[in-house]
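One structure below.
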Amino acid sequence: MNDIHVIYKNSFGVTFLWKQQSLKNRSRIQIVFKETGLYLNHKELSSFKKLVFEAHQRFGKCKECPMNKDCKQLLETPFSQLSFAVTKQEIEHIKDLIEGTLFQIDMERMLINFDIK
């Protein structure tokens, strides 16, 4: 863990920056959950947040679903070729991971002029 700067983590995943990445790639954030890693810039992470919110809203329409906790929804990503099948609990963890990451980035930007574009 000495080669990464952890931005945010929860019981489901972690977001971080590689300490040794080039200045050119410094604007990319690694987000890891389940067996998946995504390398996103701030704009892509914000876009992903909106897609997660939309998927989370779709779960709200399934209150009477007999599958209940076993139901999965497709979670789109900022990459049109990639989507995930996730449960309601997984989408809530991903939502927390992204919101926590964006909060930490914005706070670090304000406090120490952390430069992620």
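The values are calculated or read from the model by the stated rules, or taken from the named source; none is laboratory data. What you see is a predicted model, and the numbers here were worked out from it, not measured in a lab. Methodologically, a virtual Cβ is constructed for each residue, glycine included, from the backbone with ideal geometry; neighbour enumeration extends over all protein chains shown.
When Gln89 is tested against (1) under 13 Å from the mean Cα position of the chain (by Cα); (2) at pLDDT 90 or above, just one condition goes unmet, and that condition is (1). Reported count of residues in the range 41-79, each being at pLDDT below 90 and part of a loop (DSSP other than H, G, I, E, B), is 7. Scanning the range 80-111 for residues that are hydroxyl-bearing (Ser, Thr, Tyr) and in a helix (DSSP H, G or I) yields a total of 1.
Answer yes or no as to whether Ile7 is out of contact with any Lys or Arg (no Cβ under 9 Å at 6 or more places or on another chain) and at pLDDT 90 or above. The answer is yes for Ile7.
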